[in-house]
Amino acid sequence: MKTIDFAIIGGSYAGMAAALQLARARRRVLVVDAGRRRNRFVDAAGGASHGFLTQDGRAPAEIAADAREQLMNYPNVEWLHGVADDARLDTDGALSFKVGMERVRARRLIIATGVQDELPAVPGLADRWGRTVFHCPYCHGYEADAGPIGIIAASALALHQGLMLPDWGPTTLFLNDSYTPSDQDMAAMIRRGTRIEPVPIARIAGEADVVLKDGRTVSMNTLFTQPRVSLTSPIAEQLGCRIEAGPMGPFIHVDESKATSIPHVFACGDAARAAGNVTLAVADGAMAAFAAHRQSMV
């Protein structure tokens, strides 16, 4: 049985940001990480992260590697590779969970496990995820080079992208039998200059070519879609944390200090947001650490 002051489940941007603040408070910190960063697909495609101050244009893996190297310079931080599971509240009020065969007890727990994307079932789309197909215009819209942008509808959130993306380039919304705009929605997108394509998609080809079922091919510089998300870990539910139903999928309910509905349990990053990015994840991680540290002093 390992006992620690602060355990952080999830070692991506939010989790490492939290660990750094607690390490600098000279508290013992354990980071448990399964190595499944949400944006690892960008690395696999040879792409880059954008919009994160001082790190714009760098590979996500490089940013994460630098962060871990800096974090592990603190002797009071331990890194444990593995999947955390079987979380529970012990009778003395402490929290515990298992990593492999070892049970870990923590006085304070920060959940930073992130989410996983569930992509629409369009042939060829998943192969281009993180390379020419994305979900966040702020992260990847600029790289369309003001050229043609396609939106592959997967839900009513396609309207949101249909209104936003014309700022990054001429935009076409492919309804793909997944979203039917109301007259009001249609009028709003037309005012923004978004073209509506009702013919369903057969497949994605080339870099970002949309092949329609009527045989036409519409070439795009970049494609966007609206993946459904799910929590990558059952830890929050095992502990009884309140889960919210967001427009993209479930997320952990937290207050302004990133505290969950369960005492001594905090959550941050994409797992505790309706939508997020690297910048917000890092800020959330720092906030969760500040709150957890302050709570430990009372």
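At-a-glance table
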quantity	calculated
Asp66-Met186 FRET efficiency (beta carbon distance; Förster radius 35 Å; 0.05 resolution)	0.15
Calculated FRET efficiency for the pair Arg88/Ala121, C-beta based, R₀ 35 Å, to 0.05	0.45
Label selected from (i) 27.5, 86; (ii) 19.5, 64; (iii) 21.0, 67, the criterion being Rg and Dmax of the Cα atoms in Å as computed here	(iii)
Inter-centroid distance (Cα atoms) of region 53-75 relative to region 209-280, Å	23 Å
Region 120-225 - Rg over Rh from alpha carbon coordinates, Kirkwood radius	0.92
Angle between the chain longest axis and helix 278-296 axis [Cα atoms, degrees, rounded to 10]	20 degrees
Loop-resident sites, region 234-298, for trypsin sites (Lys or Arg not before Pro), counting at most 13 other Cβ within 10 Å (DSSP)	Arg242
Rounded to 5, percent antiparallel among DSSP beta bridges of region 136-257	50 percent
Mean Cα-pair separation over length for region 120-225, i.e. relative contact order, pairs under 8 Å, 6 or more apart, %	35 percent
DSSP bridge orientation in the chain - percent antiparallel, rounded to nearest 5	40 percent
Stokes-Einstein diffusion coefficient of region 218-298, Kirkwood radius over Cα pairs, 20 °C, 1.002 mPa s, in µm²/s	155 µm²/s
Gaussian network model of the chain, springs between alpha carbon atoms under 10 Å - residue of Asp117, Asp185, Asp43 with greatest fluctuation	Asp185
Length-normalised contact order for the chain - Cα pairs under 8 Å, 6+ apart - percent	22 percent
Partnerless cysteines, meaning none of the other Cys C-beta atoms lie under 4.7 Å away, in the chain	Cys241, Cys268
Relative contact order for region 160-298, counting Cα pairs under 8 Å that sit 6 or more residues apart, in percent	12 percent
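Quick note: the coordinates plus some simple rules give every number you see, no bench work behind them. This one's a predicted model, so the numbers in the text were calculated from it and none came from an experiment. For neighbour counting, all protein chains shown are included, and Cβ atoms are generated from backbone atoms with ideal geometry for every residue, glycine included.
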